[in-house]
Amino acid sequence: MKDAIAAAVLPGALINELGFKYIGYVDGHNPRALVAALREAQQIKDGPVLVHALTTKGKGHPQAEKDYYRWHATGPFDLKTGAAIKSKASAPTYTAVFGNTLAELMAHDEKIIALTAAMPDGTGVCTALEKFPERSFDVGIAEQHCVTFAAGMSVEGLKPVCAIYSTFLQRGFDQLIHDVCIQNLNVKFCLDRGGVAGGDGPTHHGLLDIAYLRAVPNIAVMAPKDEGEMRDMLLTMVEHVGPAAMRYPRGNGVGADIGREPQLLEIGKGEILRDGGEVAIVAYGSMVHPALQAAENLAKEKSKRRW
């Protein structure tokens, strides 16, 4: 009874039961209190110590305190008002296109479930959370649980869509293999920030997804050449029976048509975009449009040589 009461009342009771020494709560915005707690932790020589500091995200900046989702990672903004300074790019971001398309598909198919791991805004799932809160889940910073949670839903006949940053799906690689792909379950993975993630930094570069996904059995791996094809691929994924993954880059699209209805694609079939002569260029995903430009440049050079 004493242990039960202690666990319910004292914040560190569970930590102590796990064998840790517990110091907390500490005001994470009070430097003196933090220094005192860390010095106390230094004095403990036998076993691990957990210092529990409580902080408020965006503390000290009024706009960030009110809307910490939007200010998790911000671009240029007006110092006085906090309003974002929008880029001149006219095309929407891949993230926005994904989020809107997912919500559109969820409106037509009640079996589709949206999942994310603490990044509803960064992945675009915030749209689904707002429109379909009963079918959208943010599991917190727990990618392993997200994948296994989705596997359980699939077994019950649902169509879970896991929206996770490419680099963070690495945390759930074991679950991806054993809980989803070996069992050939109907789970979909949408990997934002595929490739170099620019200003998000090296921890967010999704450089390994193609390599580690190709090695896993039963999974279909996709990458759209533009935002229009992304909508087609998302529909194709949710209609495909079995595991599937789609990776796409950070940033804006190329201005492709997203006003038409998404269309089903034939999985495993390539597309000829331009007839050539002596050189064949094979491209995948976001490299398709740069490859088309390279083909145009080669054709111009060849034309010049003729004269």
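Coordinate-derived values only; no laboratory data. Please read these numbers as outputs of a predicted model, since none were measured by experiment. As a convention, Cβ positions derive from the backbone with ideal geometry for all residues, glycine included, and neighbour counts pool all protein chains shown.
State, as an integer percentage, the relative contact order of the chain based on alpha-carbon contacts under 8 Å between residues 6 or more apart.
So the answer I get is 12 percent.
Output ³J(HN,Hα) for the range 204-215: one whole-Hz value per residue in order, computed from phi by the Karplus curve 6.51 cos²θ - 1.76 cosθ + 1.60 with θ = phi - 60°, and x for Gly and Pro.
My calculation for the range 204-215 gives 9, 5, x, 8, 10, 4, 4, 5, 7, 7, 5, 7 Hz in order.
Taking the alpha-carbon distance from K225 and a cut-off under 16 Å, which aspartates and glutamates remain once sequence neighbours fewer than 8 residues away in the same chain are dropped?
In chain and number order, the partners are D192, D257, E266, E271.
Choose one of G47, L18, L264: the residue whose Cα lies farthest towards the positive end of the charge dipole of the chain (beta-carbon charges +1 Lys, Arg; -1 Asp, Glu; about the Cα centre).
Value computed over the given set: G47.
For the range 72-88, just list the computed ³J(HN,Hα) in residue order, Karplus coefficients 6.51, -1.76 and 1.60, θ = phi - 60°, integers in Hz, with x standing in for Gly and Pro.
4, 8, 10, x, x, 8, 6, 5, 7, 9, x, 5, 5, 8, 6, 6, 7
Around F77, which amide H atoms from residues at least 5 apart in sequence, or from another chain, sit under 5 Å from its own amide H, with H modelled in the peptide plane?
Result for F77 returns I85.
Using just the helices of the chain, give the 222 nm mean residue ellipticity in deg cm²/dmol: DSSP H runs with n ≥ 4 each add -39,500 (n - 2.57), and the total is spread over all residues, rounded to 500.
About -10500 deg cm²/dmol.
Please work out which option in (i) 87, 50, 39; (ii) 54, 40, 36; (iii) 80, 38, 38 gives Cα extents along the principal axes in Å calculated from these coordinates, and answer with its label.
(i)
Could you give the distance between the Cα centres of the range 245-272 and the range 38-111, to the whole Å?
If we compute the Cα centre of each part, the gap is 27 Å.
With the dipole of the chain worked out from charges on the C-beta (+1 for Lys and Arg, -1 for Asp and Glu) around the Cα centre, which of V254, P31, S303 lies farthest toward the positive end?
My answer, from the dipole projection, is S303.
Kindly flag which residue pairs out of K66/K86; K57/K80; K111/K131; K66/K88; K57/K111 have an alpha-carbon separation exceeding 24 Å in this structure.
Table pairs above 24 Å Cα-Cα are K66/K88; K57/K111.
Pull up all non-local amide H partners of V26: gap of 5 or more, or a different chain, and H-to-H distance under 5 Å with H placed in the peptide plane.
Distant-sequence amide H within range of V26: H52, A53, L54.
Pop a pseudo-label 7 angstrom from the Cα along the beta-carbon direction at both T56 and E278 and give the gap in nm to one decimal.
My value for the distance between the label points is 6.8 nm.
Taking +1 at the Cβ of each Lys and Arg and -1 at the Cβ of each Asp and Glu, which of L235, L208, F149 sits farthest along the dipole of the chain towards its positive end, judged by Cα position relative to the Cα centre?
Of L235, L208, F149, it is L208.
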